[in-house]
Amino acid sequence: MKRRANSKGQSLVEAALTLTAFMGFVLGIANVGQVLFTRQALAQRVQDAARWGAMHPYDPSAIRNLVLYEATKPEPGEQPFVGLSDGSVEVTNPGCPGADCRVSVTVSGQGVRSVEPCEPVAGVSLPSSAGLSSAAPSRP
């Protein structure tokens, strides 16, 4: 088989083009995976904070800190999760006092929200006509 004089380096150029496209694809997949992992970690923090808020006395600052620092009282100098700020985490308890009492945690700009019902404390009986209210101990 004879080779043409002008085909020298053709395999090298083809390999370089193919490798460039393949590496771009691999790096793109890794970047999408990192974004999805970060979003899922944030969603898990929001859900855990809402659950904690439903099971403990209502403390919006502690609930917010659980989302930002994964602790109710952060260590001095600790950085918030993925650059979030205090203003980006909204904590509310709509429907309280009453039977529809909920703890709602929302991270603005991220599309992450979790709402947890407030559950009665084990061993504490509420009157049948009364819902969960601020006067009734609905949380430990």
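The values are calculated or read from the model by the stated rules, or taken from the named source; none is laboratory data. Bear in mind that the values here come from a model prediction, so they are computed numbers and not experimental data. Cβ atoms come from the backbone with ideal geometry, glycine included; neighbour counts cover every protein chain shown.
Quick notes on this structure:
- Filter result (modelled with pLDDT under 90 and either of a type in the set (D, E) or over 12 Å from S114 (Cβ atoms) (or both)) within region 44-59: M55, H56, P57, Y58, D59
- The number of residues in region 88-108 being part of a strand (DSSP E or B) and either among the charged types (D, E, K, R) or out of contact with any Lys or Arg (no Cβ under 9 Å at 6 or more places or on another chain) (or both) comes to 2.
- Within region 26-38, at least one residue is in contact with a helix residue (DSSP H, G or I) (Cβ under 9 Å, 6 or more places away or on another chain), surrounded by 10 or more Cβ atoms within 10 Å (Cβ to Cβ) and part of a helix (DSSP H, G or I).
- Residues in region 26-52 that are touching a residue at least 60 places away in the same chain (Cβ under 8 Å), in contact with a Ser or Thr (Cβ under 9 Å, 6 or more places away or on another chain) and not charged (D, E, K, R): A43, V46, Q47, A49, A50.
- Residues in region 51-87 that are assigned to a helix (DSSP H, G or I), out of contact with any Leu (no Cβ under 9 Å at 6 or more places or on another chain), on the phi < 0 side of the Ramachandran plot and not charged (D, E, K, R): 10 in all.
- Of residues in region 61-75 being surrounded by 20 or more Cβ atoms within 10 Å (Cβ to Cβ) and of a type in the set (A, V, I, L, M), the one nearest to the chain's Cα centre (by Cα): V67
- L66 vs. criteria of a type in the set (A, V, I, L, M) and more than 17 Å from G111 (Cβ to Cβ): yes
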